[in-house]
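The values are calculated or read from the model by the stated rules, or taken from the named source; none is laboratory data. This structure is a prediction, so every number in the text was calculated from the model and none was measured. Side chains are part of the model used for accessible areas, which takes the heavy atoms of the whole protein and leaves out ligands, DNA and RNA. Shrake-Rupley method; radii C 1.70, N 1.55, O 1.52, S 1.80 Å.
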Amino acid sequence: MSTKKHTISVLVANEFGVLARVSGMFSARGYNISSLCVGETEDPTISRMTVTVHGDNNVLAQIIQQLNKLVDVIRVEDLTSLSFVEREMVMIRVQANNKRRSEVLEIAEIAYHRQEIASPCIDDDSSKPLRRLSLPQKSSPRFKIR
């Protein structure tokens, strides 16, 4: 069987220690989490964990089964075959003097990024589709990225 990326949505009780228990389940069974995002839902007592893992369908089935055994887990759903928007966030700090600052901001504007300017650095926050994230780094080799 081939290994592929699976995206899993896990609704959990929004309580202290739940993240540690869920991530502990992955490490205890030797599964690697590729990415993890956790946030409160509209209901403040519930959080959504979006987890990406690599593995075949048997690994996915085992992960879902183990997650459903945890007391704090309300619902587990495999999003892999569904249509969803996938984004990744990167924060880049660029060191630039006043002369270069406008050039850095122009490059960031092209990639639709949000910037926070504080001397002597510009913090660049991007939450865009995966294929667009490499644009600022490739187009600005002359700037010091910290």
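Some observations on this one:
- Per residue, the accessible area of the stretch 4-66 comes to 54 Å², computed with a 1.4 Å probe over protein heavy atoms only.
- The phi torsions of the stretch 3-12, fed into the Karplus equation with coefficients 6.51, -1.76 and 1.60 and a -60° offset, translate into couplings of 8, 9, 7, 10, 10, 10, 9, 10, 8, 9 Hz, rounded to whole numbers, with Gly and Pro shown as x.
- The Kirkwood hydrodynamic radius of the stretch 39-100, based on inverse pair distances between different Cα atoms, is 15.3 Å.
- Per-residue HN-Hα couplings for the stretch 102-108 [Karplus 6.51, -1.76, 1.60; θ = phi - 60°; Hz; x = Gly/Pro]: 5, 5, 5, 4, 5, 4, 5
- Under Karplus coefficients 6.51, -1.76 and 1.60, residue-wise ³J(HN,Hα) of the stretch 54-68 in Hz, glycine/proline x: 10, x, 7, 5, 5, 4, 4, 4, 5, 4, 4, 4, 5, 4, 5
- Among the protein heavy atoms of the stretch 1-83, carbon and sulfur supply 51% of the accessible surface, probe 1.4 Å, non-protein parts ignored.
- Nearest-10 value in Å² for the accessible area of LYS4, using the 1.4 Å probe: 100
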